[in-house]
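The values are calculated or read from the model by the stated rules, or taken from the named source; none is laboratory data. Note that the coordinates shown come from a computational prediction; the quantities given were computed from them, not determined experimentally. With ideal geometry, Cβ positions are generated from the backbone for all residues, glycine too; neighbour counts draw on all protein chains shown.
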């Protein structure tokens, strides 16, 4: 899951780096921050001592996925990205969010404990 979010972050940075893709620099920076936040919150949560903290950071990571998907829509609506350019990053963000939800549920159902 963390590896998938790392690939998503790399993809977002590549898309934003292409000057013909995203010309609104502030939107590009925000999308980059959202993508990086997903993997950073997973790592930070895993480093915490208990399941509750880990689940909390997974929830924050999931929120960053949602923000990223929202910003991708903004980029398309403002004609900064073509719809075809948005599809794959959007699907990846959606996939990571589903994985985060599954892990969050497993933690809450006590089927996974990072370090308790």
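Descriptive notes on the structure:
- When residues of the stretch 1-12 are limited to those that are over 14 Å from residue 75 (Cβ atoms) and touching a helix residue (DSSP H, G or I) at 6+ places or on another chain (Cβ under 6 Å), the one modelled with the lowest pLDDT: 1
- Within the stretch 21-72, if we keep just the residues that are modelled with pLDDT under 90 and crowded, with 17+ Cβ neighbours inside 10 Å, the residue that is nearest to residue 11 (Cα to Cα) turns out to be 22.
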